[in-house]
Amino acid sequence: MKSMTGYGEAASQIRGTKVTVQVRSLNHRHLDLQLRVPREYLSFEEDIRKVIRDKIARGRLEVFINRAPGQNRGRKLELDEELLAQYLGFFGQAKKKYGLSGELSLSLLAGVPELFHFREVEIDAGAERQGLFKALGVALGRLERAREREGRQLKSDMQSQISHLKRITAVLEARAGEIGVRPQRVAMITKDREVSSKGDRDGGDAGNYVFKGDINEEVVRLKSHVGALARVLREPEPVGKRVDFMLQEVQRELNTISSKVPQLAVVQLVLEGKERVEKIREQTQNIE
């Protein structure tokens, strides 16, 4: 069992470029993947999503990938030699034509910004891809270990609550034998008359009776659901949605039992059972 909350981080150094991957997961009913990648890695985005989906089944996942090129590796300053040659030729012609004196200096050329420009250095896509996915794998591994650690704590608490549910079920099972079956009259309403439960003045039949107090069937189902719930927690794959469904079934049986037998002792057991169910439900919101 794994929690849905955790954090993992890793970095790779690729020929002077540092790639950092940060992964944070939060609670969510489904897999909600929020991915932030530098523009140099946009072509890798779908493959990144696939790697994550293969490892994470549920939760809101925020993935931040940062690329920090080393000094002078992100951009390169270049001189437009062709333009410089044109400037030098023009200055030489002007000097000769107009009899100008003086020498052409670098300070003059520095005032011509068009001569210099920065060019983005092309990345080594193969090497950076390899480093990126290596860092991603390590970060996801650390995230998973964090989720597993918290998952073990959640599982321990949920197992404790299930033990209480088993005890409550056992007591209800014993009470079911003590209570027995109590037939009660149900009021029948027709268009022109109402037959009350005080007596069958109009010669009603046995269909007007229901059996109140017989909770054996509900207790059997409750026992089955609680046992299945305990078994599910031992399974390695994501179980959050299945646990949530089984809790609904347990809640349904408890509701039926309390409606059939409104005795104080039974109602108290049902209320305690509902409290345990609610505590498990709260923890279920945190597991994958």
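The values are calculated or read from the model by the stated rules, or taken from the named source; none is laboratory data. Bear in mind that the values here come from a model prediction, so they are computed numbers and not experimental data. For neighbour counting, all protein chains shown are included, and Cβ atoms are generated from backbone atoms with ideal geometry for every residue, glycine included. Please note that ligands, DNA and RNA were not included when accessible areas were found on the heavy atoms of the full protein model with its side chains. Shrake-Rupley method; radii C 1.70, N 1.55, O 1.52, S 1.80 Å.
Quick notes on this one:
- Any pair with Cβ under 7 angstrom, 6 or more apart, that starts in segment 83-99 at a residue that is open to solvent by less than 100 Å² (accessible area, probe 1.4 Å) and ends at one that is of a type in the set (Asp, Glu): 83/114
- For segment 24-48, a residue qualifies if it is closer than 17 Å to residue 128 by Cα and among the charged types (D, E, K, R), and the qualifying residues are 36, 39, 40, 45, 46, 47.
- Scanning segment 100-124 for residues that are surrounded by 13 or more Cβ atoms within 10 Å (Cβ to Cβ) and either within 16 Å of residue 40 (Cα to Cα) or modelled with pLDDT of 75 or more (or both) turns up 121, 123, 124.
- Within segment 251-288, considering residues that are assigned to a helix (DSSP H, G or I) and among the polar types (S, T, N, Q), the one nearest to residue 167 (Cα to Cα): 268
- Scanning segment 19-60 for residues that are farther than 12 Å from residue 136 by Cβ, without any contact (Cβ under 8 Å) to a residue 40 or more places away in the chain, aliphatic (A, V, I, L, M) and not in a helix (DSSP H, G or I) yields a total of 3.
- The residue that is most open to solvent (accessible area, probe 1.4 Å), counting only those in segment 1-51 that are of a type in the set (S, T, N, Q) and within 14 Å of residue 68 (Cβ to Cβ), is 13.
- Entry remark, segment 225-246: residues being in contact with a helix residue (DSSP H, G or I) (Cβ under 7 Å, 6 or more places away or on another chain) and free of Cβ contacts under 8 Å to residues at least 40 places away in the same chain number 5 in total.
- When residue 257 is tested against (1) open to solvent by less than 50 Å² (accessible area, probe 1.4 Å); (2) touching a residue at least 40 places away in the same chain (Cβ under 8 Å); (3) closer than 30 Å to residue 28 by Cβ, exactly one condition is not met: (3).
- Qualifying residue in segment 214-224 (condition: on the phi < 0 side of the Ramachandran plot, over 36 Å from the mean Cα position of the chain (by Cα) and at pLDDT below 50): no
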